[in-house]
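Asker: Quick one: the structure is below, questions incoming.
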Amino acid sequence: MNRPELSLALVGFGHVARRFVRLLDEVADRLEFTWRVVAISTRHHGSVIDVDGIEVNRAVATVEARQSLDRLDRVPRERSGIDVIRQVADALADEAAEGRLVCIETTVLDIDRGEPAVSHVRAALEGQAHVVTANKGPAAFAYHELEALAESVDRIFFFEGAVMDGVPVFNLVRDTMPAVSVEGFRGVINSTCNFILSELERGKEFEPALAEMQARGIAEANPSLDIDGWDAAAKTAALVNVLMGSAITPHHVRRTGISEVTGIDVREAISRGRRIRLVASASRQGGKVKAQVEPEMVDRHDPLYGLEDLENALYLNTDLLGQVGIVQRSGGLTQTAYALLSDLASISARLREI
Ligand SMILES: NC(=O)c1ccc[n+]([C@@H]2O[C@H](COP(=O)([O-])OP(=O)(O)OC[C@H]3O[C@@H](n4cnc5c(N)ncnc54)[C@H](OP(=O)(O)O)[C@@H]3O)[C@@H](O)[C@H]2O)c1
């Protein structure tokens, strides 16, 4: 296939998905695929299906005006994300069979069970669609089941945006580190917490710093997921499941957030030449993987010491390459949207190989 046309079913149409569709337009001439959006599903803003292609700008404007997408549908009706996925997979069965149907899953993180995102991924794979998601839930709660399903139907299940936005983590290991075993990792992987800690160091207050992250679309819809360490625990579980081959959930990660950290604490740390950072880590111990997320005092020699604001870093401990560091100096919506785009480009590359 020369320049495949991909049909995109968007389940979730919030900050990330809207930035993603704009980004696709902005860099269209750099892409080796074309696309049309055939479905959009939301929780409170209705849904629309049009296999001939939805007018995306109109859909963005509709949701940003807090109106329902139902008004764009020829036969508007109430349907869940799973209904939308199944309906599209049925209507586009030929495209699905050719591997040109992709479900882009960007619903919110559910920290109890990763639902309904896990079910969305399952339904899409069962309908022979590839799946790309920025949601941590599927890889954090059900990676092995979903990956096995994807393999059994010869489809891709990618989630690069789940950790450190678009900076390569999963695809770096998958595509460039054959035969390497990841024995553990340590990093700062939650931008909202790092921003709040940086603001506290500058003498600012906790609440306005969190409000700024919410206004910029970076904090989770439920901010407790960030400040109580759940988001970092979900990323940690995803990293453990995918890179270390273990099978855990965020509930197996020992977790302390930053809600108890005060301005006095961080400035006291600075006065002693240290900084408080929310550190996620995992290591193999006696045949098991131990994973944790907690505020740590880091000193000047620690590679995590210099991370400010939205900066993240992850250091992988490997058997064949020693320590490999991945640093993200700019985080934000464009970078997360790019993660979806890069996963989509991998799907298109695979189609072009056929
Ligand atoms: N924002 C970031 O910087 C960032 C970075 C990395 C990863 N992520 C992850 O990316 C995902 C999306 O983030 P976001 O910032 O775009 O969130 P968001 O702005 O809150 O948007 C979430 C979208 O999902 C929809 N939704 C929720 N439950 C649904 C359901 N059951 N069925 C169908 N649609 C549903 C929402 O619909 P309504 O609006 O109608 O409720 C909304 O369109 C999250 O999993 C997040 O953890 C975000």
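No lab work stands behind these numbers, since they all come straight from the coordinates. Quick caveat: nothing in here was measured; it's all calculated off a predicted structure. We place every Cβ from the backbone using ideal geometry, glycine too, and count neighbours over all the protein chains shown.
Asker: Take the eigenvalues of the Cα gyration tensor for region 186-287, scale each by 5, and report the square roots as semi-axes in whole Å, largest first.
Answerer: Numbers: eigenvalues 139, 58, 18 Å².
Taking √(5λ) for each eigenvalue gives 26, 17, 10 Å, largest first.
Asker: If you don't mind, another one. For the chain, modelled as a GNM with alpha-carbon contacts under 10 angstrom, which of Gly287, Gly217, Gly257 fluctuates the most?
Answerer: The residue with the greatest mean-square fluctuation here is Gly287.
Asker: Let me check I've understood the local charge: for Lys290, count other residues with C-beta under 11 angstrom from its C-beta, Lys and Arg +1, Asp and Glu -1. What total comes out? Show your work: numbers first, answer last.
Answerer: Numbers: positive: Arg254, Arg284, Lys288; negative: none.
Local charge sum for Lys290: +3.
Asker: Beyond 17 Å, how much of the Cα-Cα pair distribution for region 302-344 remains, as a whole percent? Don't skip to the answer; put the middle values down first.
Answerer: Details: 423 of 903 pairs.
Of all Cα-Cα distances in region 302-344, 47 percent exceed 17 Å.
Asker: Taking the Cα centre as origin and putting +1 on Lys and Arg beta-carbons and -1 on Asp and Glu beta-carbons, what dipole magnitude results for region 136-261, to the nearest 20 debye?
Answerer: On the way: 10 positive and 18 negative charges, 38 e Å.
Magnitude of the dipole: close to 180 debye.
Asker: Run through region 163-256 and list the trypsin sites (Lys or Arg not before Pro) located in a DSSP loop whose Cβ has at most 13 other Cβ atoms within 10 Å.
Answerer: Arg202
Asker: Something else: Helix-derived [θ] at 222 nm for the chain: sum -39500 (n - 2.57) over DSSP H runs of at least 4, divide by residue count, nearest 500?
Answerer: -12000 deg cm²/dmol
Asker: Related question: Considering only the other residues whose Cβ falls under 11 Å of the Cβ of Val121, what net charge follows from Lys and Arg at +1 and Asp and Glu at -1?
Answerer: -3
Asker: Can you list, largest first and rounded to whole Å, the semi-axes you get for the chain by taking the square root of 5 times each eigenvalue of its Cα gyration tensor?
Answerer: For the chain, the ellipsoid semi-axes come out as 35, 23, 17 Å.
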